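Step one of this worksheet: look at the structure below.
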Amino acid sequence: MTKKTLEIYSVELSGTKDIQQTDKGNGKEKYRGLKNCFEPRKNHYKEELRKEVDLDDHKLSIKELEKKYDTNIITGLSSTQAAELLARNGPNALTPPKETPEIIKFLKQMVGGFSILLWIGAILCWIAYGIQYSMNTSSSLDNVYLGCVLALVVILTGIFAYYQEAKSTNIMATFNKMIPQQALVIRDSEKMTIPAEELVVGDIVEIRGGDRIPADIRLLSVQGCKVDNSSLTGESEPQPRSSEFTHDSPLETKNIGFYSTTCLEGTATGMVINTGDRTIIGQIASLASGVGNEKTPIAIEIQHFVHIVAGVAVSIGILFFIIAVSLKYQVLDSIIFLIGIIVANVPEGLLATVTVTLSLTAKRMAKKNCLVKNLEAVETLGSTSIICSDKTGTLTQNRMTVAHLWFDNQIFIADTSEDHSNQVFDQSSGTWASLSKIITLCNRAEFSPGQESVPIMKRVVVGDASETALLKFSEVILGDVMEIRKRNHKVAEIPFNSTNKFQLSIHKTDDPNDQRFLLVMKGAPERILEKCSTIMVNGQKQPLDKNTAEAFHTAYMELGGLGERVLGFCHLYLPADEFPETYTFDVDTMNFPTSNLCFVGLLSMIDPPRSTVPDAVTKCRSAGIKVIMVTGDHPITAKAIAKSVGIISANSETVEDIAKRLHIAVEQVNKRDAKAAVVTGMELKDMSPEQLDELLTNYSEIVFARTSPQQKLIIVEGCQRQNAVVAVTGDGVNDSPALKKADIGIAMGIAGSDAAKNAADMILLDDNFASIVTGVEEGRLIFDNLKKTIAYTLTKNIAELCPFLIYIIVGLPLPIGTITILFIDLGTDIIPSIALAYEKAESDIMNRKPRHKKKDRLVNQQLAIYSYLHIGLMQAVGAFVAYFTVYAQEGFKPSILINIRVEWEDSNVNDLEDSYGQQWTWYQRKYLEWMGYTAFFVGIMVQQIADLIIRKTRRNSIFQQGLFRPQYWFVAVPFAILIWVYDEVRKLFIRLYPGSWWDKNMYY
Amino acid sequence: MRRQLRSRRAPASPYGYRSRLDDQDEVNQNYLADEEEEAEEEARVTVVPDLEEEEEEEEEEEEEEEEEEEEEAKAEEKGQGQPAGNAWWQRWQIVNEYLWDPEKRMSLARTGLILVIYFFFYASLAAVVTLCMYTLFLTISPYMPTFTERVKPPGVMIRPFAHSLNFNFNVSEPDTWQHYVISLNGFLQGYNDSLQEEMNVDCPPGQYFIQDGDEEEDKKACQFKRSFLKNCSGLEDPTFGYSTGQPCILLKMNRIVGFRPELGDPVKVSCKVQRGDENDIRSINYYPESASFDLRYYPYYGKLTHVNYTSPLVAMHFTDVVKNQAVPVQCQLKGKGIINDVINDRFVGRVIFTLNIET
């Protein structure tokens, strides 16, 4: 079966002597990568390391252990001892990550990049009012209102964003409310069940199949126990446990069971050696809290945008301050102008728009099974350039499935899709009949009862992963397996164990004419072959000669090379004369033959890729996103899966592949020839950051196998050094540091551990890699659309600012007032700019490269200049024409308006002459000024419609993008006319016949 | 975009035309002309996207290469070029360097071109605006405003006016009221009898002074002589009563083009204490005695044609007002079609001021 390089985990656990020896050469380099990421917390980390070093309980004998922990393996701890220890060491639970207090979360929403801008605007407004008030107590309250509105916008948007995030946090919280775990413990010589939280070091616990191991335990006695360490190490295969010390590394030795892993089968007794945060998993989880949160790309973009706006605002403000002073305005007045200009530049509505837009997209993504924890993370996926994906569960289905069969000297491919529906291999051969019988009978796995209506592939099975796979496989092909087993009554059985490496059972056959017993056996192929002297080909027994043995080995190697777990099957009909019906089989003495059997076939299993993944990977490829597989699994398996999902494309080779093909040494291969690379944690450990950078840049297809959590972190950092936006997927606790470090951490909703979900920014509710692709699409779209929204919003800024500037310099009556501006910014403009979030993509956004973090800005120079100086200016000019038209038609021609400001605003001047010699009172002028506001407002509004339409696209013509078909606008026009005419008639009759019946009923 | 630029520029590389320059002069000339056009076009293309700036760092190396190439080309050119070709070549070089300075990439030409583009853009914008404004003025009559509903009903204003409607003065201290007198005198200069007789016509009272005819014809104005104001004309009492604590205040109605008071019933002025004891003002004399604006002063034809129009006045002579206390006075216009109770506008059809005469 697959061999494992066991040294890998010793990287982190270097305390033992042997490893120190092997690592002597580069002992100093060992933690290089780790030092990089934990530089500021070096001391703390060292401490952690020392703790890991201390874990040598696996080497101690039971007596020594008893002494060390002051316990007894028969009687357990006394309850007083236990209470003492519990008080001293605290409960056996992981300290949850420090919850940010809700109020801090809330306040955080109020001080983001944009909000700061608005706050400053609001404060400036109040300062301006203060200045005005000190000069003239009856000054207008506009500035106060403006300030309040700005503050209100920030607060409301903050509440909205907070609510949005709280909602997704709540969804998360409901995922798996864990039932308090119980542990079977021996205390005071009595077996008792206590909550796992109350376990203390030295407790003797018993576990059995299905239990979660309640703490780090040293196993004392074991009966066929297998554990699932995938959440810790990423190995998808069950790991057998025993009570013997087998390896120096505590992670590799078989006599340690780890907290939070699951015992799949068998029973075991163990002594608790570490509890709570001191467990291995606790230490890894605490690594995550040490990793700082990176700023999201969109936050950076918004900050950049704020800088631009602030820059523009302050420079225009100061410029006009100087102009105002040189125009002999009072300095205090000029300061008010300065503040006014700065505030006028603040896009009041944009904060709300961006927040709403992001949450709309988040909602849309949630529908596609991407739950976004942090609103800003919505866009991050779009700018992702590297995805570091976990293998198990994300790319694969996380269950063993029969992939290949070999019989009759032929390899057959089984269907590995999610529902197994399409088994097309040739089932007519007699060999298959025998093989299927062995598969069915030599299997201890059973369906849990009461699942008749559940599809076969989804049924819950009691048994280990491979047996489950075989059971489901045979159930799909043969139908009711349990019925077949019933008909072929089992008379004896030897379960699988690691010394025999085979499993055997003896059955009565269902053929009433055949009194022979059938002996069926499965196990490690080479062991099975040893026991065989014949082989079945096309249903006929043939002697096992050299050629067939050769064929067997080729097939075995081939299947093994695919990273699959291979099992061999053989059988023997026991001769009826030697083994009559009444014969008693004794499995201990083995009073039956276990050699000279008949070899039937091989069957290989793999955790197959999800069917949607290859397509998703291709899409990522075409979207310029590099997909890197990072797994704790074996390199061969990892590579096989990578190949089958397209992470390593069909025609690319690794250095090793080339070496193999050309029959030369690996060192002789030109590294440039290889596009793909499979790097093990072992090799990664020896790499300098520069080498890692080189690896990441030179190879487009990379698989990291046998990696540890810390190494995952190093890989993420390496990617980030390439200026890439890195997405990391993961489910285990071991992934949480990397999830946190990544620009966007994606946790699995179903398989994911709480630690992973906490550390992640986004959760895939269906654990499906393909959902990431839709997320990327949405993210890119939202980036584009935000660009459009901002362009749309910025445009009218100039049209709102120009009036004020002209007012200062030329002395016209104010063309548009503060309140009117607010009405545009927070009223009429909000809905169109939100609507832009729904704009469909202009081109295939999944066919272009991800945006460059530093070069493709959300708001770039072109956008600002085009919005401000081109469209914005046109808009301002247009609105001014409207304004002048109103004034000119009312009597004030533009020429007379110049420098009219002081007299215009003097409420004591009540006979101001216009161009026609008419004289206006102050209030009449004011009224006219309001008309001017309205004209200007309408002017902006009308042009904003055009602006909205042009902002739909950036490159395509609007006609390519498509508008609502114009003809549909006119469908209802006749009815509009009808309404009008009808009402005119109504009014006519009311006027004609006052007091009539019509008048009474129709006049309102 | 970037790639496009590169490929466009490719044929224009120095090597490209060097080899061709070795040919005949005529060919050269034609060719160079083409090249100039192309270079201009090239520069224009580079202006529009600013990708350059962002990619500048990356391209520095390339630029250096280009530069070297160009220098090589120049060096070779000096040796090989024919005399006539040289002249052209130098001119070409100047133009080239102006349009495309490979060292900085931000060449003078580029800045220049940006300016030119913006100049044209804004020039056309200005042209559009001018066109709009021109059409606007075409639709607006210079004699008659398009709408007058905002300025109607007429407002009222008083003289003397010194940025305040509070008349505070001490009878015995001329300094406190002298500016009122000066203001009134100045205001009434235009009403001097001699001037009025010279410029304006004496038209029949009690009826509108309607002057039909073309809009653009100059209109005649009715005389309003200073002497109509009698005691408040400043002719007999040059201090307008301020020296005796009996101040004259002139009231005029705001001019509105085309405004006509209701026929037969001229607009009257009446003043009373606005708030407080009615008897604070015991008597007011109005001049002209009718206390009204005669119909002959209406309508007003606008300042372009009705040049010498003098607004009719009503003088209020507060002959007996309580002294040493502020008396709020409200003077209202009365007449058909006159509104004097707009809440927001305290100057439509009425005027409120306070008299505080100290002795």
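Couple of notes before you dig in:
- Across the protein assembly as shown, Cα-Cα pairs farther apart than 56 Å form 48% of the total.
- Shape category assigned to region A:880-1004 from the gyration tensor of Cα positions, a/c cut at 1.5: oblate
- Here the Karplus relation 6.51 cos²θ - 1.76 cosθ + 1.60, evaluated at θ = phi - 60°, turns the backbone of region A:380-386 into coupling constants of 3, 4, x, 9, 4, 10, 9 Hz, with x for every Gly and Pro.
- Furthest towards positive pole of dipole, A:M687, A:A650, A:N698, structure part region A:646-699, Cβ charges: A:A650
- Rough spin-label spacing in nm, given labels placed 7 Å along Cα→Cβ, for B:L138 and A:F989: 4.7
- Hydrophobic, long helices, defined as DSSP H runs whose alpha-carbon span along the helix axis is 24 Å or greater and whose mean Kyte-Doolittle value is at least 0.0, occur in chain A at A:113-135, A:142-173, A:297-326, A:348-367, A:769-810, A:872-890, A:922-951, A:973-992.
- Counting, for every residue in B:111-121, the Cβ atoms of other protein chains within 10 Å of its Cβ and taking the mean gives 1.
- Electrostatic dipole magnitude of chain A [Cβ: Lys, Arg +1; Asp, Glu -1; Cα centre; debye, to 20]: 1680
- Comparing A:T384, A:S611, A:N92 along the charge dipole axis of chain A, the residue lying farthest to the positive side is A:T384, per the Cβ-charge model.
- Rounded, prolate or oblate (a/c below 1.5 giving rounded, otherwise prolate when a/b exceeds b/c) for region A:263-396 by Cα gyration tensor: prolate
- B:K272-A:D56 pseudo-label distance in nm [points 7 Å out on the Cα-to-Cβ vector]: 11.3
- Taking a ≥ b ≥ c as the square roots of the Cα gyration tensor eigenvalues, region A:893-934 comes out rounded, since a/c falls below 1.5.
- Cα centroid separation, region A:594-649 to region B:302-343 (Å): 98
- Neighbouring partner chain Cβ atoms per residue of A:905-913, average, 10 Å criterion: 5
- For chain A: relative contact order, % (alpha-carbon pairs under 8 angstrom, 6 or more apart): 12
- Residue order, fewest to most beta carbons within 10 Å, for A:K458, A:K643: A:K458, A:K643
- Sequence of A:D829, A:D510 once ranked by neighbouring C-beta atoms within 10 Å, starting from the fewest: A:D510, A:D829
- Phi-based couplings in Hz for region B:274-280 (Karplus 6.51, -1.76, 1.60; Gly and Pro marked x): 6, 9, x, 5, 4, 7, 4
- Inter-chain neighbour count for B:148-155: the average number of beta-carbon atoms from partner chains within 10 Å of each residue's beta-carbon is 6.
- Between A:D510 and A:Q182, the simple spin-label model (points 7 angstrom out along Cα→Cβ) gives 3.9 nm.
- Secondary structure note: in chain A, about 75% of the DSSP beta bridges are antiparallel.
- Highest average packing first - A:884-892, A:153-161, Cβ atoms within 10 Å: A:884-892, A:153-161
- With a Förster radius of 60 Å applied to the C-beta separation of A:V971 and A:R661, the computed FRET efficiency comes to 0.30.
- Net length available on complete extension from B:T148 to B:H163 is 2.7 nm, with 0.36 nm assigned per residue and the Cα-Cα distance removed.
- Here is the P(r) of region A:290-339: all C-alpha pair distances, binned every 5 Å from 0, give 5, 20, 16, 12, 10, 9, 8, 7, 5, 3, 2, 1 in whole percents.
- Helix-only [θ]222 nm of chain A, DSSP H runs n ≥ 4, -39500 (n - 2.57) each, per residue, nearest 500: -14500 deg cm²/dmol
- Taking amide H atoms as placed 1.01 Å from N in the peptide plane, the amide H of A:A183 lies under 5 Å from those of A:I194, A:A196, each 5 or more residues away in sequence or on another chain.
- Per-selection metrics, region B:240-359 (Cα): Rg and Dmax in Å: 15.6, 47
Values in this text are rule-based calculations from the coordinates and carry no lab data. Small disclaimer: the values here were computed from a predicted structure and weren't measured. For neighbour counting, all protein chains shown are included, and Cβ atoms are generated from backbone atoms with ideal geometry for every residue, glycine included.
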